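Asks: Take a look at this one; I'll ask things after.
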Amino acid sequence: MKKFNPNKNIIIALIVVIAVVLLVSVTATQRNQKKDENVVQSVTNDFVAIVDKGLSFPVKGVQNVISSIQNLFNTYEENDQLKRRIDELESLRSENRSYKEENEQLKEQLDLDSTLSNYERITASVIDRSPDSWQNIFIIDKGKADGIEVDMPVMGRKSLVGRIISVNDHSSKVELLTTSNQNVNHFPVMITPKEGNVAYGLLEEYNPKENAFVVKQLTSTDGLQVGDEVATSGLGGKSPRGLFVGTVKSIEANQFGLEKEMLVTPAASTYELTTVTVIKKLAGRDS
Amino acid sequence: MKQKTYFQWWLPIVFFLLMLLDSQLSYVVRILVGGQVILNFHLLLMAIIAASFHCKRSYLLVVTTFIGFLYDNYYYGVLGIQMLALPLIVLLVYWIFSKVEPSFLSLIVSLVIFVTIMEFTVFIVQIVFKLIHATMLNFIVDVLGPSLLLNVIVFILLYYPLKKIIFSSFQSKNVVRYSRS
């Protein structure tokens, strides 16, 4: 009987290992293939999200108090800067209005209902963030019932921050661009230089050391300068044109010397997000 | 015996709420420190340690597997990460406290070991299945070190209530445990 014990433990350990390998690989492929989560998963996720949302209110309250105290310290300087900005804003707004009208008239003339840059916004608030530094997953309080689908781009306050990776009825998961998940989708981007032609590329990964996104497969690097603006290009079907990503930090040859790589500084940090905007593209979506 | 059945009903709910509270607090602290280092709270782990002095091992294994399922499903969408880590920790907790008598110091030292093993299991499972791409050095500097420090401080702050829970039935249970091994 004594001899039987260690064998039994080994068999149990083996079964556990096999079960874990199966579970992880099956669910990970399911997530990567963007299949809908099964009923059990989505119901439990929605239930957990509801409880979590309730729990997040007092925690957020405490956080708001602390951050408002922090804000109080630099209010004076900020106010000064903002006053100066407001003057510029007024002129920009009137300019913008005239452009919009002109744009609409031109579209009517061309019979264009929707272009690559047309999109709908769905505002959602962040419930929780996965306590993990690499996957960088947020949980938001809008889901299939509000029209959210897998692969939609997600905007923070200023710029693109991530994309939807899975959707339940009333909650969904957002994966940030800063993730180190190796199976992510890449955003097609364009770089608009001050003079010259627009260049296109692919936002492939995030470099945590440089705190910058890496853009590869550039169509050209002529005329591109540090500080040029980078935005999504709307090619490839998933994201609309013109979502701001960041500014060019540096352009250099990659380690093989064949291709140019570009580092892009994100427009805003992604660690403090309370509300996000999910972007629904109107034209060119393959359903 | 009556008390025990009562206890078994609300323990999963407490674990569940602590699981959510852990990540909420971690998120807030992460915003406050500026996103550079990651400070993970492990209140759930402390609750598991405290509960291990009151429950059967098999019962706690089932509960933590279930909590692990909820955790993986909710935060990752990939099952089998915390579902493995939590029951492993439970086995370890029972094994260690069948050899070591719980005291202030031994609890702190064992907490350090548990937090390390838990973070490592989660990290290694994700590395093995290529869910993430990260280096060991970054993991130790950015996550493990700060989290260990934080949890030891939290444990010291919570020691008084924890002590009451841990030692309330320890004296009687003590005899049974040591006679078994």
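The values are calculated or read from the model by the stated rules, or taken from the named source; none is laboratory data. Since the model is a prediction, treat every value here as computed from it, not as a measurement. Positions of Cβ are generated from backbone atoms using ideal geometry, with glycine treated the same way; all protein chains shown enter the neighbour counts.
Asks: Do we have any residue at all in region A:117-130 that's of a type outside the set (Ser, Thr, Tyr), touching a Ser or Thr at 6+ places or on another chain (Cβ under 8 Å), within 14 Å of chain B (Cβ to nearest Cβ) and under 21 Å from A:Gln33 (Cα atoms)?
Replies: For region A:117-130, residues of a type outside the set (Ser, Thr, Tyr), touching a Ser or Thr at 6+ places or on another chain (Cβ under 8 Å), within 14 Å of chain B (Cβ to nearest Cβ) and under 21 Å from A:Gln33 (Cα atoms): absent.
Asks: Out of all the residues in region B:135-158, which are touching a Leu at 6+ places or on another chain (Cβ under 9 Å) and modelled with pLDDT under 85?
Replies: Matches in region B:135-158: B:Val143 only.
Asks: Moving on. Return the pair list, or none, for Cβ contacts closer than 6 Å from residues in region B:10-38 that are surrounded by fewer than 18 Cβ atoms within 10 Å (Cβ to Cβ) to residues that are not in a loop (DSSP other than H, G, I, E, B), at least 6 apart or on different chains.
Replies: B:Pro12/B:Val63; B:Val37/B:Asp142; B:Val37/B:Pro146
Asks: If the Cβ limit is 7 Å and pairs must be 6+ apart or interchain, which residue in region B:131-151 that is under 11 Å from A:Trp134 (Cβ atoms) and in a helix (DSSP H, G or I) pairs with which residue that is among the hydroxyl-bearing types (Ser, Thr, Tyr) and modelled with pLDDT under 80?
Replies: Pairs found: B:Asp142/A:Ser133; B:Val143/A:Ser133.
Asks: So how many residues does region B:93-130 have that are within 14 Å of chain A (Cβ to nearest Cβ), in a helix (DSSP H, G or I) and under 17 Å from A:Val17 (Cβ atoms)? So that I can check it myself, show each step before the final result.
Replies: Taking region B:93-130 and keeping what is within 14 Å of chain A (Cβ to nearest Cβ), we get B:95, B:115, B:118-130.
Next cut, in a helix (DSSP H, G or I) only: B:95, B:115, B:118-128.
With the extra rule that they be under 17 Å from A:Val17 (Cβ atoms), the set shrinks to B:120-122, B:124-128.
Residues meeting the conditions: 8.
Asks: A further question on this structure: Inspect all residues belonging to region B:132-141 and state whether any of them is exposed (fewer than 14 other Cβ atoms within 10 Å of the Cβ), out of contact with any helix residue (DSSP H, G or I) (no Cβ under 6 Å at 6 or more places or on another chain) and under 21 Å from B:Thr65 (Cα atoms).
Replies: Taking every residue of region B:132-141 in turn, none turns out to be exposed (fewer than 14 other Cβ atoms within 10 Å of the Cβ), out of contact with any helix residue (DSSP H, G or I) (no Cβ under 6 Å at 6 or more places or on another chain) and under 21 Å from B:Thr65 (Cα atoms).
Asks: Can you tell me which residue within region A:164-182, out of those that are within 15 Å of A:Leu203 (Cα to Cα) and touching a residue at least 40 places away in the same chain (Cβ under 8 Å), is nearest to the other protein chains (Cβ to nearest Cβ)?
Replies: A:Ser180
Asks: While we're looking at this one, here's another question. So for region B:4-18 (the condition being facing chain A (nearest Cβ under 7 Å) and at pLDDT below 80), does at least one residue qualify?
Replies: Checked against the condition, which is being facing chain A (nearest Cβ under 7 Å) and at pLDDT below 80, region B:4-18 yields no hits at all.
Asks: Being without any contact (Cβ under 8 Å) to a residue 24 or more places away in the chain and surrounded by fewer than 18 Cβ atoms within 10 Å (Cβ to Cβ), is that true of even one residue in region B:77-99?
Replies: Checking region B:77-99: at least one residue is without any contact (Cβ under 8 Å) to a residue 24 or more places away in the chain and surrounded by fewer than 18 Cβ atoms within 10 Å (Cβ to Cβ).
Asks: Of all residues in region B:152-163 being part of a helix (DSSP H, G or I) and in contact (Cβ under 8 Å) with a residue 60 or more places away in the chain, which is nearest to the other protein chains (Cβ to nearest Cβ)?
Replies: Result: B:Val154.
Asks: Another one. Suppose we keep only residues that are surrounded by 10 or more Cβ atoms within 10 Å (Cβ to Cβ) and not polar (S, T, N, Q) within region A:66-79. Which one would you say is nearest to the other protein chains (Cβ to nearest Cβ)?
Replies: A:Ile66
Asks: Can I ask one more? Filter region A:44-65 for residues that are in contact (Cβ under 8 Å) with a residue 12 or more places away in the chain and more than 9 Å from every other protein chain (Cβ to nearest Cβ); which is surrounded by the fewest Cβ atoms within 10 Å (Cβ to Cβ)?
Replies: Only one residue fits best here, namely A:Ile50.
Asks: So A:Asn103 clears everything in (1) out of contact with any Phe, Trp or Tyr (no Cβ under 8 Å at 6 or more places or on another chain); (2) in a helix (DSSP H, G or I); (3) facing chain B (nearest Cβ under 10 Å); (4) surrounded by 11 or more Cβ atoms within 10 Å (Cβ to Cβ) except one condition, right? Which one?
Replies: Among (1) out of contact with any Phe, Trp or Tyr (no Cβ under 8 Å at 6 or more places or on another chain); (2) in a helix (DSSP H, G or I); (3) facing chain B (nearest Cβ under 10 Å); (4) surrounded by 11 or more Cβ atoms within 10 Å (Cβ to Cβ), A:Asn103 violates only (3).
Asks: Here is a further query. Being free of Cβ contacts under 8 Å to residues at least 24 places away in the same chain and either among the basic types (Lys, Arg) or within 14 Å of another protein chain (Cβ to nearest Cβ) (or both): is that true of B:Ser58 here?
Replies: Against the criterion (free of Cβ contacts under 8 Å to residues at least 24 places away in the same chain and either among the basic types (Lys, Arg) or within 14 Å of another protein chain (Cβ to nearest Cβ) (or both)), B:Ser58 qualifies.
Asks: Here is a further query. Select from region A:18-43 the residues that are within 7 Å of chain B (Cβ to nearest Cβ) and loosely packed, with under 14 Cβ neighbours inside 10 Å and list them in ascending order.
Replies: A:Ser25
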